[in-house]
Structures are given as C-alpha cells and as structure tokens.
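Comments concern the structure below.
The values are calculated or read from the model by the stated rules, or taken from the named source; none is laboratory data. Given the structure is predicted, the values throughout are model-derived calculations rather than measurements. Cβ placement follows ideal geometry from the backbone for every residue including glycine, while neighbour counts extend to all protein chains displayed.
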Amino acid sequence: MIKKHFEKIKPYIWLASFVIFSVGSFWFGFDPGRTIYQSFTKSFIEMITFIPFLFIIVGLFDVWFPKEKIEKHIGKDSGIKGILMVVILAMLQAGPLYGAFPVAYILYKKGASIKNIFIYLGAFSTLKIPMLGIEIGYLGLKFTLARTLVALPLFIAVGYFMEWYLKNKNFKINDV
Amino acid sequence: MFKNIVVPFLNILILVSLLLFIVPPQMIVKYLGAGSGAIGFAIAAVVGSITLIPGFISYPIASGLLKQGASYATVAVFMTTLMMVGVVTLPLEIKYFGKRVAILRNLLNLFVAIIIGLLIGIIL
C-alpha cells in the first residue's frame, strides 16, 4: 500500500524538494540556494520557449502525416532527399537535445529509417536555426560556419554507422 | 504525454542548476582560458559532455573564453559536447532508446565532437 503510493509520487520528489529548498533559501537568505534557483529560472525560460513547438510538431506528425507518406519520404529507401528533409525539420526547431527525443519517437513510430532518425538527432543538436543566430551573435559568422560545415558530414556518418550497427538488432524507440 | 515529458525535463533542469552551482561559469573560464592547451581541450570535452548548459549561459561563456584567448579548438569542443553529448540526460535517453543505443550514441558523439574541435582548431 505504502509502496504503491510511493511509486505514484516518486517522479515528483525532486520537484517537491527543490520547491521547498528554494522557498527555504529565500526565506532564510541562503545565498547558494538563491543562485541555484536563479540558474534554474534561466533554464526554465529556455524550456518554455521550445516546449509548445515540440508538442505542435509531435501532434502534427501524429495526426496529420500518414505512416505510408513518412515511410516513403524518410523511410528505409528514401535516399538523399530523406536526409535533407530530416535535417531541415531539425533546423526549424529549438531547444536542447532531450527535446528531440519525443520527436525521434514519433518519427520512428511513423516509419522513419534508423539512419534518418540519428541524422535528425545530429542536426537537431548542431544546426538549429534559432541557435545558429545566437551563435553568430556571440562567436561570429566564421566560427559558426566552420563548425556547422565540419559537423554536417560527421553526424550524417553517425547516422549511417548506427543504421549499419543496428541492422537486424531489433532497434526500437519507446514512448516515455 | 505532457506530464510524462515535462516532469523529467524539470528534473533535468534542477540537476543542471545544481551542477552549475558546483561548477560555476567563472571556474570554467579559468580552466579553459588562454594557454590551457591540451589539458584545457580535455577538460572542455569532459565538462561539456557531463553538463548541459542552456544557450543563454553557454554562449556568453564561449564568447568570454575566446576574448580571453582560449583556442578555437577548445571552445568548439566545449560547445559541441554541450550540444551533442549529455551524461545528465542519459537516464532519460535510456528510457527512449534503451541502454545500449543511448550509451553508443553518446560515445560516438563524443568522438565526433573531439574531431570537430580538432578540425576547427586546424581551420581557424
């Protein structure tokens, strides 16, 4: 009985402790706690800017795009055009890498190839347009351009490697 | 789906905030700055792989590093591992992809990030 309740609240333990810790830190003027809370808010702002878009993309794919269509365009036999499509999809998004996992799941569910799923993850981590804008602002066009051009062939290679390695290995992505 | 995604995401943010407190940006700048050489490059790869620093904070750090005379290679490997490798997010990634694939993806991407860093160092 107690164990069952514990399983229910387990996901929220971190959150609850953090809230208590933060409120306590402000109450008692505990500076480290305030610093931690402030960097949390920075990350949180980043999160709420990408989450709505993430749900829109996942929702759109789930409802609007039939499996046959996705399979045809970015499935096993899709070729270069398929690679181009997943790269562009990734470039239009924002957010840190873990925000791409739900999209990877939906792509997998709809029949995208292993190669294209990992190319999507690679493009998502390194080529997102909103992020490139910030990068150019801080690190300059030369740096950004060099980094993207070097990264592109490498993460495509990762995609090919993963497809080769996971062939016949029952690869699947779970819904979380 | 919403709840299942948002709660782990918030947990990651909490963990990241704690990590940023333990390893503050000033400390990163100190160890990766000018003349840090191969050791700086290695530290950049390790710190970048473990942590997950939001863009708001990581780009100013990177720009500060370059202004202080850190090498392009070190900054590139730091930014690339931050983006592509995530030890903090590994538990979540394992839930989606399974242990073997998640670990393999991170190792491969660490390898790729190191190559990117070295190549950027040669190009720029």
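Structure values in brief
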item: Matching residues in segment B:37-59 - criterion: being closer than 23 Å to residue B:10 by Cα and part of a helix (DSSP H, G or I); result: B:47, B:48, B:49, B:50, B:55, B:56, B:57, B:58, B:59
item: Counted residues, segment A:131-166 - those being more than 9 Å from chain B (Cβ to nearest Cβ) and in contact (Cβ under 8 Å) with a residue 12 or more places away in the chain; result: 8
item: Failed item in (1) at pLDDT below 95; (2) farther than 26 Å from residue B:118 by Cβ, with residue A:134 passing the rest; result: (2)
item: Within segment B:89-106, considering residues that are β-branched (Val, Ile, Thr) and surrounded by fewer than 20 Cβ atoms within 10 Å (Cβ to Cβ), the one nearest to residue A:167 (Cα to Cα); result: B:103
item: Checking residue A:72 against (1) within 24 Å of residue B:54 (Cβ to Cβ); (2) at pLDDT below 95; (3) away from chain B (no Cβ under 11 Å), the condition it does not meet; result: (1)
item: Residue check, residue B:77 surrounded by fewer than 20 Cβ atoms within 10 Å (Cβ to Cβ) and within 11 Å of the chain's Cα centre (by Cα); result: no
item: Only listed residue being more than 10 Å from every other protein chain (Cβ to nearest Cβ), free of Cβ contacts under 8 Å to residues at least 24 places away in the same chain and not polar (S, T, N, Q), chosen from A:13, A:20; result: A:20
item: Number of positions in segment B:81-100 that are facing chain A (nearest Cβ under 7 Å) and either farther than 22 Å from residue B:18 by Cβ or in contact with a Gly (Cβ under 9 Å, 6 or more places away or on another chain) (or both); result: 6
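For (1) part of a helix (DSSP H, G or I); (2) within 23 Å of residue A:167 (Cβ to Cβ); (3) outside the structural domain of residue A:157 (by TED's automatic domain parsing), each residue gets a yes or a no:
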| position | (1), (2), (3) |
| --- | --- |
| A:69 | yes, no, no |
| A:72 | yes, yes, no |
| A:77 | no, yes, no |
| A:81 | yes, yes, no |
| A:89 | yes, no, no |
| A:98 | yes, no, no |
| A:111 | no, yes, no |
| A:119 | yes, yes, no |
| A:131 | yes, no, no |
